[in-house]
1. Search segment 32-50 for residues that are in the same structural domain as Pro21 (by TED's automatic domain parsing) and assigned to a helix (DSSP H, G or I) and pair each with any residue that is among the β-branched types (Val, Ile, Thr) and surrounded by 17 or more Cβ atoms within 10 Å (Cβ to Cβ) when their beta-carbon atoms are under 9 Å apart and the residues are at least 6 apart or on different chains.
2. Which pairs have Cβ atoms under 6 Å, sit 6 or more apart or on different chains, and link a residue in segment 389-401 that is more than 18 Å from Asp349 (Cα to Cα) to one that is crowded, with 24+ Cβ neighbours inside 10 Å and aromatic (Phe, Trp, Tyr)?
3. Is it true that His120 is assigned by TED's automatic domain parsing to the domain that holds Tyr26 and in contact with a strand residue (DSSP E or B) (Cβ under 6 Å, 6 or more places away or on another chain)?
4. One residue is enough: does segment 1-14 have a residue meeting the conditions β-branched (Val, Ile, Thr) and surrounded by fewer than 21 Cβ atoms within 10 Å (Cβ to Cβ)?
5. Return yes when Ile234 is within 16 Å of the ligand (Cβ to nearest atom) and of a type in the set (A, V, I, L, M) and no when it is not.
6. Go through segment 328-406 and tell me which strands (runs of 3 or more DSSP E), entirely inside it, have 2 or more residues that are within 16 Å of the ligand (Cβ to nearest atom).
7. So, in segment 250-267, exactly how many residues are more than 16 Å from the ligand (Cβ to nearest atom) and in a helix (DSSP H, G or I)?
8. Could you tell me whether segment 215-229 includes any residue that is under 19 Å from the mean Cα position of the chain (by Cα), assigned by TED's automatic domain parsing to the domain that holds Val13 and buried (at least 19 other Cβ atoms within 10 Å of the Cβ)?
Amino acid sequence: MDQSRLSKTELHVHTVGCYHPEDLLYMVRDSYSDVDWNRFGFLDRYESVFGVRPDPIAMFERALATGSLDEIREVAVYRWHPGGRFEEFDTKSYFPVAAAGYHLDTDQHQPILAPIVEHHRAEGLTYVEYRNAFAARGQEFKDWHGRYARFLRDASDEEFTARYIIRLDGRHPVSSYMDVRELIDEKPDLSDTIVGVDFSGREIPPKNLAAFYHRIAEDNRLHPGSVVEPVVHIGESFFDLSLESAVRWCHESALYGARRLAHCIALGIDPLVAVGRREGAHQGESAGERMDQIRYDLTHARGLSRCGVGIRERALEEELDRLAGEDPEHLITRPYDEDRLYQVSRRQDYVLDDLCRLGTVIETCPTSNLCIGGVPNVKAHPFPKLYASGVNLAICSDDPGIFGVTLAQEVANVSRWFGLSMEEMARRLGDPWEFRLASQQ
Ligand SMILES: [Zn+2]
């Protein structure tokens, strides 16, 4: 395969995370002095986290006068550094949100989306799936996402295809999804642009999404001309789970029918590294979660045993009986020893094997995992294990503007970090375009 294909299809970006400093300048070049820069508390947050209060109006004025983007870059870009905090990234992500807010008030989507689409086009990308979130329901939700999708549809041509993935409300997954389905029914010309729905933010137990997965599969069967596929952020941030449960959540998401899984750090990180990330990491989880894990182990006993995981069914059944009398929210603590850590890595193998069987795709976002996914350093990144497994794997950039990287740089980083030639990577990974959503349309 032509190795440049690895850097032409982007399957995982959030619109708000796509703004490089020049894109921010482009977005507000005529409006920066009218923007409410403290919208959503951006300036207050920045001051409390970084100890300085930026003056965006003066920054944009100087950038326009001098042509230098350095000051904007300093505030907008979050570079990975040991000891970096999610809070720092999160604070910086409000910079583009504040900038876009000015245009949102007037329902203008062109000035918000044009800078990032043009940037991606100039980078040489030919296919991008954009994820976007909007905290509303019903008509407002449909109108808003409808405008975004329409812009992306109109921005597509023979050289560049933009697709749209709508983030659902994890607390009301079915009704939130129904809003998307209604939007497509009401505006059928958007059906080839709206290709997916996503869950991001705090991870949701897959079983809570069972009704959603069932509904979307049924709708896709009934409406093969307007397929919307589910994707989910999973196995990214799981400190409140045991490692076994974090691995299981990835597996269950795939079994329920998620087409692609974002991150899956839980499936590739060395268990010893994972538990060493924090004092007591992954030792505690709720009794309800432990019970779910036992039921999973009993269901998958044969396959797990084949992969070298010791499943003592009798003991698990007894534990399940004991836990049945407990408050499901009660915290259970189970420390790790060498054997348990070894068995977690076998569980990772079991699930990766099954993802190969299912054809599920993992979207790995290397810089993002280092910056905000709790991967302590490059050596600890899950990529080598995911890569060695044979699972469908796509390199993506998540929030390229905020992290100050492009997809091509992400691919080059992986090549350098893990000593893989581009030819070798192209052969193993294939063309990520093959993993695009709703490709049967
Ligand atoms: Zn993401």
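The values are calculated or read from the model by the stated rules, or taken from the named source; none is laboratory data. Remember, it's a predicted structure, so these values are computed and weren't measured experimentally. Glycine also receives a Cβ, built like all others from the backbone with ideal geometry; neighbour counts cover every protein chain displayed.
1. Phe42/Thr91; Arg45/Thr91; Tyr46/Val75; Tyr46/Thr91; Ser48/Thr91; Val49/Thr91; Phe50/Val75; Phe50/Thr91
2. Going by the 6 Å Cβ cut-off, the qualifying pairs are Gly401/Tyr19.
3. Values: assigned by TED's automatic domain parsing to the domain that holds Tyr26: yes; in contact with a strand residue (DSSP E or B) (Cβ under 6 Å, 6 or more places away or on another chain): yes.
It is true that His120 is assigned by TED's automatic domain parsing to the domain that holds Tyr26 and in contact with a strand residue (DSSP E or B) (Cβ under 6 Å, 6 or more places away or on another chain).
4. No; the residues of segment 1-14 include none that is β-branched (Val, Ile, Thr) and surrounded by fewer than 21 Cβ atoms within 10 Å (Cβ to Cβ).
5. yes
6. 361-364, 392-395
7. To start, the set of residues in segment 250-267 that are more than 16 Å from the ligand (Cβ to nearest atom) comprises 251-252, 254-257, 267.
Filter again for in a helix (DSSP H, G or I), leaving 251-252, 254-256, 267.
Residues flagged as more than 16 Å from the ligand (Cβ to nearest atom) and in a helix (DSSP H, G or I) within segment 250-267 amount to 6.
8. Scanning segment 215-229, I find at least one residue that is under 19 Å from the mean Cα position of the chain (by Cα), assigned by TED's automatic domain parsing to the domain that holds Val13 and buried (at least 19 other Cβ atoms within 10 Å of the Cβ), so the answer is yes.
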